[in-house]
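Following: one structure in structure tokens, then a few remarks.
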Amino acid sequence: MGIDAFRIEIDVISVIVYLMIWYGNRERAVLEKSARAFQCLVETSILFSVMNSLGLLVPESNIPIIRLINSFKIIACICMGCCWFLSVFYSTSANTYTLRKWLIPIIGPSVIVSAIALVDALMHLTDGPTDMNPYLWALLNMLSILYIAAASGLCLKKASKCTNKLHRRCFYIIAIVMLIPLLTLILQAKFYELPITSTVFVLVTLFIHMYRTRQHITVDLTTRLNNTNKLSSYLESITQSQDPAKRLFLLKIEIDNFKARKKKHGKKACVVALQKLATFLREQSVQRGTFIARYGKATFAIVTECSEFAEIEAFANKLIAASASSTELLQGPWPITFSIHWSEYGTSETRTIDTFLDKAESNCIKPATPL
């Protein structure tokens with residue numbers, strides 16, 4: 001009875017966590033198809049946890065009820081796998097209308113195995129023992145593994161083709177995290193009595209929900225500037241609607257010797273330094289209509305459109321000159337200096353957002369100041 005009580009406790013905690021996720025995701029589910037599929041995943045997960053606990057509470061002598069509960073658990077598991085895949089499909093697909101073409105191959109196996117589970121339960125409603133049909137168990141595991149593996153594969157495919165490394169990192173993380181329930185299903189098939197599947201699934205679902213939520217946060221909490229998520233979205237937008245009469249430039253501004261300063265002065269001093277540089281850049285850029293973001297530990301980006309490179313060079317020289325006399329920077333934890341790098345979008349070497357960001361490494365306007 002101890003292990004049964006432990007399993008029920010796990011299910012109760014899982015349902016509470018799922019309800020919290022469901023509540024936090026409900027607004028986006030109205031607007032986004034991927035969030036709607038994720039919401040269905042949460043709902044079917046709640047159904048599975050409830051059925052799992054009910055199965056433990058029903059007396060073993062009540063064979064028909066146990067068989068029906070087991071069949072609903074199988075159906076819930078299949079729906080969970082299908083919703084995992086649909087959530088990722090909507091997140092990675094540029095055109096969700098392609099789902100119509102793949103609707104039968106995606107949903108068909110789920111419908112078939114669910115029907116088999118229900119028919120098997122009704123045909124053997126009063127037969128003992130109540131153990132799950134081994135062939136049905138094998139089908140369930142194969143289908144669940146297939147859905148999750150396919151979802152992880154979609155993320156990897158999207159990441160390999162993504163021209164924005166900020167977005168690519170997100171898809172790689174989700175793909176790797178989704179391999180965890182895949183490995184758990186394989187392990188559960190070997191050790192059926194271990195209550196590990198529910199625990200791993202709720203933790204992975206919670207992680208993905210929190211990670212997806214973080215992707216919608218666009219403000220860096222330390223500096224109150226735009227963060228990496230906002231920079232990624234802005235670059236996607238500006239590169240697709242660029243003014244043909246102007247050239248798009250990126251200024252990468254990096255605090256000199258930040259890692260060594262952090263070891264010497266500590267974390268709190270570095271936070272103050274970041275905030276002071278953010279204030280300085282905001283004040284210097286207020287009349288240019290530029291986009292400013294923090295996208296690294298000590299790295300800031302200024303994105304702006306100009307008619308020619310001379311404008312960017314003049315702006316960079318202005319920043320350098322202003323920093324030499326800025327009380328904001330001179331009165332920091334240490335005299336804050338920075339290096340300025342630049343790149344231009346749309347040249348022969350910068351035809352993607354990745355190359356646009358990377359090219360700034362080789363174009364330094366001001367060399368790093370030594371310690």
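The values are calculated or read from the model by the stated rules, or taken from the named source; none is laboratory data. Everything quoted here is computed from the prediction, not taken from an experiment. Backbone-built Cβ (ideal geometry, glycine too); neighbour counts: all protein chains shown.
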Checklist entry - Of all the residues that make up the range 280-326, how many are of a type in the set (Lys, Arg) and free of Cβ contacts under 8 Å to residues at least 40 places away in the same chain? => result 3
Checklist entry - If you scan the range 139-168, which residues turn out to be of a type in the set (Gly, Ala, Ser) and within 30 Å of Gln188 (Cα to Cα)? => result Ser144, Ala149, Ala150, Ala151, Ser152, Gly153, Ala159
Next on the checklist: Looking only at the range 213-231, filter to residues that are at pLDDT 85 or above and of a type in the set (A, V, I, L, M); which one of those is surrounded by the fewest Cβ atoms within 10 Å (Cβ to Cβ)?
Outcome noted: Val219
Checklist entry - Does Leu179 fit the bill of being in contact (Cβ under 8 Å) with a residue 24 or more places away in the chain and over 30 Å from Gln240 (Cα atoms)? => result yes
Next on the checklist: Being within 11 Å of the chain's Cα centre (by Cα), of a type outside the set (A, V, I, L, M, F, W, C) and at pLDDT below 85 is the filter here; which residues of the range 145-177 pass it?
Outcome noted: His167, Arg168, Arg169
Next on the checklist: Can you list residue pairs whose Cβ atoms sit under 7 Å apart, with the first residue in the range 59-80 being hydroxyl-bearing (Ser, Thr, Tyr) and the second being surrounded by fewer than 21 Cβ atoms within 10 Å (Cβ to Cβ)? Count only pairs 6 or more apart in sequence or on different chains.
Outcome noted: Ser71/Leu118
Checklist entry - Among the residues of the range 30-56, which ones are hydrophobic (A, V, I, L, M, F, W, C) and at pLDDT 85 or above? => result Ala35, Ala37, Phe38, Cys40, Leu41, Val42, Ile46, Leu47, Phe48, Val50, Met51, Leu54
Checklist outcome for this item: Of the residues in the range 241-297, those that are more than 26 Å from Tyr345 (Cβ to Cβ), touching a Leu at 6+ places or on another chain (Cβ under 8 Å) and among the hydrophobic types (A, V, I, L, M, F, W, C) come to Ala260
Item to check | Out of Ile302, Ile253, sole residue that is among the β-branched types (Val, Ile, Thr), closer than 14 Å to Thr337 by Cα and touching a Ser or Thr at 6+ places or on another chain (Cβ under 9 Å) | outcome: Ile253
Checklist entry - Limited to the range 192-242, what total is found for residues that are in a helix (DSSP H, G or I) and aliphatic (A, V, I, L, M)? => result 10
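Looking at the range 35-51, which of its residues are surrounded by fewer than 22 Cβ atoms within 10 Å (Cβ to Cβ) and more than 16 Å from Leu103 (Cβ to Cβ)?
Ala35, Gln39, Glu43, Thr44, Ile46, Leu47, Val50, Met51
Looking at Tyr23, Tyr18, which is the one that is crowded, with 17+ Cβ neighbours inside 10 Å, under 26 Å from Cys155 (Cα atoms) and out of contact with any Gly (no Cβ under 7 Å at 6 or more places or on another chain)?
Tyr18
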Item to check | Residue check for Ser61: of a type in the set (Gly, Ala, Ser) and loosely packed, with under 14 Cβ neighbours inside 10 Å | outcome: yes
Checklist entry - Going through the range 324-333 one residue at a time, which ones are closer than 27 Å to Lys230 by Cα and modelled with pLDDT under 90? => result Glu328
Item to check | the range 276-325, residues that are among the hydrophobic types (A, V, I, L, M, F, W, C) and in a loop (DSSP other than H, G, I, E, B) | outcome: Val286, Ala298
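For (1) surrounded by fewer than 19 Cβ atoms within 10 Å (Cβ to Cβ); (2) free of Cβ contacts under 8 Å to residues at least 60 places away in the same chain, each residue gets a yes or a no:
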residue: Leu139; (1), (2): yes, yes
residue: Leu146; (1), (2): yes, no
residue: Ala175; (1), (2): no, yes
residue: Tyr211; (1), (2): yes, yes
residue: Ser233; (1), (2): yes, yes
residue: Glu236; (1), (2): yes, no
residue: Gln240; (1), (2): yes, yes
